[in-house]
Amino acid sequence: MAFHHGRSLSFPSSSHPAVSQFDGSLSRLRSSEATCSSLSSCNGRINGLRNLYESIDDMLLLSHIQQTVSEECVDDFIRLLDACSSVRDLFSLAKQDVRDLLSAVRRKDAHGINAYLASRKKSKKMIRRSLKNLRRCASATSENASMLKVAESVSISMLESLLSYVLGTKVHENKRSLLSKLMHSKTLSSDENEFNKLDSFLQLNQENELVNHLNEMDSDIQVVEEDLESIFRQLIKTRVSLLNILNH
């Protein structure tokens, strides 16, 4: 199919179930919190993004949408796939760090705990680099922007929020408040960043709370990792759809 350089993949004017599904998914994503408040909230946003791209796949079946697909769309998807893959890998690394720390705490292995701290420090550097790359990818979109550009912008924003959550807040910014909460209660409130809570449990040497928290984190991160794998597969499916359109 020939590509007309002056055209973009814009929202179709006609009312179609796929369009309504896209608009609904986009609205829900935009109305959700700008940042992840917990690992479980991360799951909800990832699932919402998958629904968004499922509706895009349906829209790509429409002939007037197919006529406006360009090679640029495919190139943008390569960038988005790379970003999603990086975030997925960083969550996998976080899960392994949590499991290694849990093993070290149970064995009362000081060397293993220090190894976790070193790995966590290295991971944070990797996360900061990935966040810089994501922010470079982010582009402003207007109301008349193409469907895929709008979806890409929402996707990049969500991936940024996921990485920011894993990064956690800086110790000097939250140490006093976190320690105060720990000293006055056995557990932190459920809306606290799990990674920040982990740092605080380590600082206070609270082994029982730490073990319970690590077990919960392991389970929660596993779910996020699986959801990221799911959206990654969905993005690949959408890219294949775009390639098929270009090749026919």
If the cut-off is 17 Å between C-alpha atoms, which aspartates and glutamates fall inside it for K125, apart from same-chain ones fewer than 8 positions away? D89, D97, E160, D199
Between L117 and I236, take the C-beta separation as r, use R0 = 51 Å, and let me know the FRET efficiency to the nearest 0.05. 0.90
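Would you mind getting me the FRET efficiency between N215 and N244? Use the beta-carbon distance for r and R0 = 45 Å, nearest 0.05.
Working: r = 45 Å, r/R0 = 0.99.
Given R0 = 45 Å and the Cβ-Cβ separation, E is 0.50.
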Relative pair counts by distance (%), Cα atoms of region 17-246, 5 Å bins: 1, 6, 14, 17, 17, 13, 10, 8, 6, 4, 3, 1, 0
If each part is reduced to its alpha-carbon centroid, region 77-100 and region 50-72 end up apart, in Å, by 27
Could you give the size of the charge dipole of region 17-246 about its Cα centre, using +1 on the Cβ of each K and R and -1 on the Cβ of each D and E, expressed in debye and rounded to the nearest 20? 1040
Please list the equivalent ellipsoid semi-axes of region 56-124, computed as the square roots of five times the alpha-carbon gyration tensor eigenvalues, in descending order and whole angstrom. 45, 12, 5
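Each value in this text was obtained by applying a stated rule to the coordinates, not by laboratory testing. The shown structure was predicted, so the numbers you read here are calculated from the model rather than taken from an experiment. Backbone-built Cβ (ideal geometry, glycine too); neighbour counts: all protein chains shown.
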